[in-house]
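What follows is calculated from the coordinates using simple rules that are stated; it is not laboratory data. Just so it is clear, the structure is predicted and the values come from calculations on it, not from any experiment. Here the Cβ positions follow ideal geometry from the backbone for every residue, glycine too, while neighbour counts run over all protein chains shown.
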Amino acid sequence: MDSVELQKLAQHTRIMREIGTGLLFASGILALFIFVPLIQGHGAKKSFAATITIATPVTPSAFSRVSVEAKAAIVYDLVTKKVLYAKNAYAQLPLASLTKLLTMYAAFSEFSPNTPITIPANVTHLSEPHAFHAGQTFALANLARITLTASLNDGAAAIAEATAARENRTLHETLAGVATALDLTQTYAVDGNGLDMNTAVSGGYGSAIDLARLAGAFVAEAPMVAAATTHDFAQATSTNGVFFRVANTDPEVNAVPHLLLSKTGYTDLAGGNLALVFDVGIGHPIAIVVLGSSLKARFTDGMALVDATLAHFASMASL
């Protein structure tokens with residue numbers, strides 16, 4: 001083979017080597033384009049999978065579907081001092097006979113349960129419900145039991161007057177003093193019954209939150225008297241032996257478990273009012289107050305809130 005042919009062969013070999021090197025380089029580049037995204041994609045999948053969280057279903061509030069006719073209402077935990085449900089809970093509204101709870105708390109803060117209370121003549125003309133004659137005398141606890149259960153206006157007025165006389169203050173001053181002592185900032189009363197003074201002015205005003213606290217305070221102050229309001233009937237005997245048996249103004253007392261207190265109220269200005277205290281556990285009282293409902297709906301409103309409260313604590317216990 002001559003020198004010319006050797007040179008051509010060397011040149012051809014060099015060209016083929018350069019082509020091979022180029023192909024190897026191109027293959028490497030192609031491999032990077034193919035495999036690196038796969039590796040990154042695989043890693044991304046791992047990263048994505050690692051950040052997935054499964055949402056735990058949130059149990060809706062037991063009160064979320066509650067609808068009440070009342071202008072204002074509250075469910076108040078008397079142990080934790082927490083509001084579990086509220087509708088216009090701080091609105092000041094006419095109280096009607098829920099005012100009697102303020103009267104009774106004032107009396108039991110001042111007198112012993114056996115203190116004699118005499119029915120004065122000036123209260124016997126009050127509007128129904130009433131039951132007494134002038135001069136009849138009862139131990140305070142006996143008179144209070146039947147007065148609260150049947151929402152008797154003459155009995156409440158007699159107790160209110162006796163309390164104010166004992167304190168040597170006006171009735172308004174006496175009731176205002178109790179409201180202040182209990183920090184009931186929206187509560188105001190001019191008589192012991194909460195009867196309408198006229199077509200525009202009520203005898204007592206307060207908020208749902210105030211009445212919840214007041215109801216709880218009265219149960220703590222006079223539990224045996226409060227317990228009388230949890231039955232269909234209450235009875236008492238005057239000091240001269242006259243027996244009284246009265247029906248409860250709340251027809252739903254047997255529907256509320258572990259009931260500690262029930263008090264109704266109704267006037268033209270107030271509409272239908274209701275205060276309940278019941279236990280959801282040993283020593284765990286809950287207060288429910290309904291203000292500004294109707295004569296009948298105050299009870300359906302109250303039971304709707306009772307049922308929701310029981311469901312609330314049942315769901316808490318299951319967690």
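Here are the numbers for this structure:
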read-out: FRET efficiency estimate (nearest 0.05) - Cβ-Cβ, Asn254 to Arg65, R0 35 angstrom; value: 0.90
read-out: Overall form of region 51-190 per C-alpha gyration tensor (a/c, 1.5; a/b vs b/c); value: prolate
read-out: Spacing of the two label points (7 Å from each Cα toward its C-beta) at Phe313 and Thr180, in nm; value: 3.6
read-out: Region 200-315: C-alpha gyration tensor shape, a/c 1.5 cut-off, then a/b vs b/c; value: oblate
read-out: Chymotrypsin sites (Phe, Trp or Tyr not before Pro) lying in DSSP loop within region 230-277, provided at most 16 other Cβ fall within 10 Å; value: none
read-out: Peptides ranked, highest mean first, by Cβ atoms within 10 Å: ranges 189-201, 283-295; value: 283-295, 189-201
read-out: Quarter of the Cα convex hull surface for region 72-318, i.e. its orientation-mean projected area (nm²); value: 12.0
